[in-house]
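Okay, so here's the structure we're looking at.
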2 protein chains.
Amino acid sequence: MTHPDIAVLTTGSELLNGDLTDTNTGTIGRTLNSHGYRVRYSLSVADSEEDICQALNYLAQRARAVIVTGGLGSTGDDLTARAAAKFVGRPLVINDEALRMIRDHFSRRNRPADMTTERQALLPQKAVPLPNPRGTAPGFWIQQQGCHLFFIPGVPHEMNAMLESAVIPGIIRALPAGLPEHQRQYSLFGLPEPKIEQRVPYNRLPEGIEVAFGLNYPLVQLKLRFRGDAAEQRLDQAEMLLFKALGDYIVAREGETHAGQVGKLLTGKGLTLSLAESCTGGLIARMLTSQSGASAFLERAAVTYADSAKLDWLNIAPELLQRQGAVSEACALAMVRGIREAADTDLALAVTGIAGPDGGTAEKPVGTVFLALAAEDAEQVQKYQFSGDRNQVQLMTAHMGLEWLRRYSLEH
Amino acid sequence: MTHPDIAVLTTGSELLNGDLTDTNTGTIGRTLNSHGYRVRYSLSVADSEEDICQALNYLAQRARAVIVTGGLGSTGDDLTARAAAKFVGRPLVINDEALRMIRDHFSRRNRPADMTTERQALLPQKAVPLPNPRGTAPGFWIQQQGCHLFFIPGVPHEMNAMLESAVIPGIIRALPAGLPEHQRQYSLFGLPEPKIEQRVPYNRLPEGIEVAFGLNYPLVQLKLRFRGDAAEQRLDQAEMLLFKALGDYIVAREGETHAGQVGKLLTGKGLTLSLAESCTGGLIARMLTSQSGASAFLERAAVTYADSAKLDWLNIAPELLQRQGAVSEACALAMVRGIREAADTDLALAVTGIAGPDGGTAEKPVGTVFLALAAEDAEQVQKYQFSGDRNQVQLMTAHMGLEWLRRYSLEH
């Protein structure tokens, strides 16, 4: 079964000069796949009536439907409606329904619609206006050369809303759908992508299951996809095999984060946590508190940059800092013991290291990091040598720390 | 003077299904603008020989040069060379120079090039290979219908390298450049974009200066652009007027961050800093320590989530927490005094609030935030009511805190 080809046309010079990165095409592609359609072409052109018109011609000849985003506002460089009128060879006329939509939008906010705004009701003759739940500019729908063209705003939150409320239903009415794509996504940590790929049990996966990879440093995103009957069942099978082969490295599922999973586990097990961060400068605490509910497990975190902070908050002996230095196994251990005692928590984690680019030495080069964990029944410390720039070392260290916490809570 | 139109063709199904967001087009657009060229079309197609070939035809008819990224690898869906051969109507042949480049790449790493890798030397007859300083797959250059086509890899760091080393020089040799675009960028905080726009002295800006806006919540990006003679001089003038009108809100220039500026100022003035963060959970400390050199000014930060941490690290009276609660002006003041005394720093900043989505009440709704600053000669506390989701409230709070620090250090 084939999937009707859809084209996306994004308009706006800001997409071509680097001012703005186009995320609409990806959103539209993902959404259409899940409904059994497929984006085959995506074209971006500047705010030029001529270029937009030519692009519409090119795409309408090749796709069953074209989704056009951008250029529907009321400013001078909003030329999409004019280009569409030229493309279909019909005049621009005030569309009464569109005008009503605009005035309703303003009356709901008890403000009068002004002339410039009402210009947004100028649509190609016979165009069908599409309501915009999140903004003033209505979209519209026209048919030409057997192709369905949907025109919607480019602002992502308006675009997303109209994609769901108007475009997808319109496409479903107009075109027979192929098999919808079902997808599941997992975040993996602790193995580089090539090693993960080697371990994927490709030959045992149910027929038709596709595996795709993405990177969100230092996490690897793995996607399982399937189009066809009993999709969820097949994906369950594939997921089971995936967890058998790589379960230890799967730290989160779609919509979850590594830190979010750690928070869930700690909360579920009723474990409290305290942190002592040096080279990560608060990154681990920030990750754990970016989800709500962190107060259920996070008691406190100390960002101890200067030695004095290590001395009086973590109760570290000055001699230790003098002899071994702040970046040492002994210091990491002292930090984790100190913070756990100060905070009186079940669990404590400490990190100290050299994130760079400065501060590296021959025996302790940039990327040298010590992690330490302490609990009533456990105490561990380990030295790592991470590579990359400052941000990569900090991210790698933070995720390694989260992983220590995840594994501890899984085992307790 | 006109700017020769350039087209970009990005290939790869992952660009159309939402797996990958195309950043190459923006990079190419920015770079070409700075050399006096302009990207007029950007087209993305799936890994299909037919689609790539059609796209080349469409773009070669409309642009003086086409930059094609992606599909040069040695796997099955790397079809760009084959599509290019079809487009020019010449066979694919092993290109000796390309083969030499590939073998050199491996011999530099003391590894033999295997067959599959050497397949990357299969180029359209008469194609000129372009060395790839960062990978195995050479790019290539062909001329057709008076259009110059440059084929380079899609992996951003390989693409960037070849854009600079091969494509730009090639385009400069092939096409007369227009006026290069000069640009300056500024980050503003504290005014919404419409209010900033109202204050931009458009009518007094030197002729030909363009103003563009972007958003990096909660910061607004403002760009000044100019094409023409004495560009830097005109931009200096425009910058002066911009600073007169909006100087107080300009928190960073291109390549700098808000936190980076604060760090520079504190270091320059020799001021030390301590932080007590509650609702931001370490975000401010993380921002300040994402740049190296933070140890020059940041003494320590306390993420005091539980009351007990506020009690013994910040020396806050239990009665205060009972009577006013942790989210109160009194608590913010006590926190900032407590951390400054504990850390013995010139400057201290404290934040406490309700980031949400839970924890809001009638008198203290989500978004209620108290900021407090303490120094030997200053003490201030203020209540804010921020809106947005948890992440937005945390970001807004953190940047407001940075702004307090920036303004204090500017005045001292």
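The values are calculated or read from the model by the stated rules, or taken from the named source; none is laboratory data. What you see is a predicted model, and the numbers here were worked out from it, not measured in a lab. Here Cβ is always computed from backbone atoms with ideal geometry, including for glycine, and neighbour counts include all displayed protein chains. Remember, those area values only see protein heavy atoms, side chains included, never the ligands or the DNA or RNA. Shrake-Rupley method; radii C 1.70, N 1.55, O 1.52, S 1.80 Å.
Please find, within segment A:37-62, the residue that is farthest from B:Leu59 (Cα to Cα) out of those that are outside any helix (DSSP H, G or I) and charged (D, E, K, R). Quick ask: steps written out before the conclusion?
If we filter segment A:37-62 for residues that are outside any helix (DSSP H, G or I), which is where we start, we get A:37-48.
Filter once more, so that each one left must be charged (D, E, K, R): A:38, A:40, A:47.
On the way: A:Arg38: 22, A:Arg40: 17, A:Asp47: 17 Å.
Filtering first and then ranking leaves A:Arg38.
Kindly establish whether A:Gly359 is of a type in the set (Gly, Ala, Ser), under 20 Å from A:Ala306 (Cβ atoms) and open to solvent by 40 Å² or more (accessible area, probe 1.4 Å).
yes
Condition first: assigned by TED's automatic domain parsing to the domain that holds A:Asp22, in contact (Cβ under 8 Å) with a residue 40 or more places away in the chain and of a type in the set (D, E, K, R). Can you find one or more residues in segment A:156-178 that meet it?
yes
Identify, please: which residue in segment A:362-397 is touching a Leu at 6+ places or on another chain (Cβ under 6 Å) and over 22 Å from A:Gly270 (Cα atoms) and is, among those, most open to solvent (accessible area, probe 1.4 Å)?
A:Gln382
Within segment B:163-177, can one find any residue that is of a type in the set (Asp, Glu) and at pLDDT 95 or above?
Yes, because at least one residue in segment B:163-177 is of a type in the set (Asp, Glu) and at pLDDT 95 or above.
Of the residues A:Gln237, A:Gln261, A:Gln221, which single one is more than 10 Å from every other protein chain (Cβ to nearest Cβ) and without any contact (Cβ under 8 Å) to a residue 40 or more places away in the chain? Quick ask: steps written out before the conclusion?
On the way: A:Gln261 fails: without any contact (Cβ under 8 Å) to a residue 40 or more places away in the chain; A:Gln221 fails: more than 10 Å from every other protein chain (Cβ to nearest Cβ).
That would be A:Gln237, the only listed residue that is more than 10 Å from every other protein chain (Cβ to nearest Cβ) and without any contact (Cβ under 8 Å) to a residue 40 or more places away in the chain.
What number of residues within segment B:131-158 are among the aliphatic types (A, V, I, L, M), closer than 17 Å to B:Met101 by Cβ and open to solvent by less than 20 Å² (accessible area, probe 1.4 Å)? So that I can check it myself, show each step before the final result.
Initially, segment B:131-158 is screened for residues among the aliphatic types (A, V, I, L, M), giving B:137, B:142, B:149, B:152, B:155.
Narrowing further to those that are closer than 17 Å to B:Met101 by Cβ: B:137, B:142, B:152, B:155.
Subset that is open to solvent by less than 20 Å² (accessible area, probe 1.4 Å): B:137, B:142, B:152.
Qualifying residue count, segment B:131-158: 3.
Which one of these does B:Tyr202 not meet: (1) out of contact with any Lys or Arg (no Cβ under 6 Å at 6 or more places or on another chain); (2) open to solvent by less than 10 Å² (accessible area, probe 1.4 Å)?
(2)
If a residue has to be over 19 Å from A:Met396 (Cβ atoms) and in a helix (DSSP H, G or I) to count, how many in segment A:173-232 make the cut?
10
Which residue, of B:Leu79, B:Leu72, B:Leu16, is open to solvent by less than 10 Å² (accessible area, probe 1.4 Å) and of a type in the set (A, V, I, L, M, F, W, C)? Break it down into steps so the answer makes sense when it comes.
On the way: B:Leu79 fails: open to solvent by less than 10 Å² (accessible area, probe 1.4 Å); B:Leu72 fails: open to solvent by less than 10 Å² (accessible area, probe 1.4 Å).
Within the list B:Leu79, B:Leu72, B:Leu16, the selection yields B:Leu16.
Only residues that are touching a residue at least 24 places away in the same chain (Cβ under 8 Å) and among the polar types (S, T, N, Q): list them for segment B:272-303, please.
Result: B:Thr272, B:Ser274, B:Ser278, B:Thr280, B:Ser290, B:Gln291.
From (1) at negative phi; (2) open to solvent by 50 Å² or more (accessible area, probe 1.4 Å), pick out the condition that doesn't hold for A:Ala174.
(2)
Answer yes or no: is there a residue in segment B:315-334 that is out of contact with any Gly (no Cβ under 9 Å at 6 or more places or on another chain), within 11 Å of chain A (Cβ to nearest Cβ) and open to solvent by less than 20 Å² (accessible area, probe 1.4 Å).
no
Go over the candidates A:Leu266, A:Leu235, A:Leu246, A:Leu275 one by one and state the one that is within 18 Å of A:Leu347 (Cβ to Cβ), in contact with a strand residue (DSSP E or B) (Cβ under 8 Å, 6 or more places away or on another chain) and part of a helix (DSSP H, G or I).
The match here is A:Leu266.
Taking B:Val66, is it part of a strand (DSSP E or B) and either of a type in the set (Lys, Arg) or more than 13 Å from chain A (Cβ to nearest Cβ) (or both)? Steps first, please.
On the way: part of a strand (DSSP E or B): yes; either of a type in the set (Lys, Arg) or more than 13 Å from chain A (Cβ to nearest Cβ) (or both): yes.
For B:Val66, the condition - part of a strand (DSSP E or B) and either of a type in the set (Lys, Arg) or more than 13 Å from chain A (Cβ to nearest Cβ) (or both) - is met.
Hey, can you tell me all the residues within segment A:296-307 that are at the interface with another protein chain (Cβ under 7 Å from one of its Cβ atoms) and not in a loop (DSSP other than H, G, I, E, B)?
Correct list: A:Leu298, A:Glu299, A:Arg300, A:Ala301, A:Ala302, A:Val303, A:Thr304.
Checking the conditions here, which among A:Leu219, A:Leu235, A:Leu246 is outside the structural domain of A:Gly36 (by TED's automatic domain parsing), open to solvent by less than 60 Å² (accessible area, probe 1.4 Å) and touching a Ser or Thr at 6+ places or on another chain (Cβ under 6 Å)? Outline the logic, then answer.
Working: A:Leu235 fails: touching a Ser or Thr at 6+ places or on another chain (Cβ under 6 Å); A:Leu246 fails: touching a Ser or Thr at 6+ places or on another chain (Cβ under 6 Å).
Unique residue meeting the criteria: A:Leu219.
Do any helices (runs of 4 or more DSSP H) entirely within segment B:72-170 hold 2 or more residues that are of a type in the set (Lys, Arg), and if so, which?
Ranges flagged: B:80-88, B:96-108.
Please name all residue pairs, on different chains or six or more residues apart, with Cβ atoms under 6 Å, provided the first residue is in segment B:21-38 and is outside the structural domain of B:Met159 (by TED's automatic domain parsing) and the second residue is open to solvent by 40 Å² or more (accessible area, probe 1.4 Å).
So the pair list comes out empty.
Taking only segment A:270-295 into account, find how many residues are open to solvent by 30 Å² or more (accessible area, probe 1.4 Å), facing another protein chain (nearest Cβ under 8 Å) and over 20 Å from the mean Cα position of the chain (by Cα).
Count: 2.
Out of the residues in segment B:37-61 that are within 15 Å of B:Gln145 (Cβ to Cβ) and crowded, with 24+ Cβ neighbours inside 10 Å, which is nearest to the other protein chains (Cβ to nearest Cβ)?
The qualifying residue nearest to the other protein chains (Cβ to nearest Cβ) is B:Ala55.
Looking only at residues that are under 15 Å from A:Asp22 (Cα atoms) and among the hydrophobic types (A, V, I, L, M, F, W, C) in segment B:4-28, which one is farthest from the other protein chains (Cβ to nearest Cβ)?
B:Leu9
Mind telling me which of the residues B:Glu210, B:Glu232 ends up being without any contact (Cβ under 8 Å) to a residue 24 or more places away in the chain and charged (D, E, K, R)?
That would be B:Glu210, the only listed residue that is without any contact (Cβ under 8 Å) to a residue 24 or more places away in the chain and charged (D, E, K, R).
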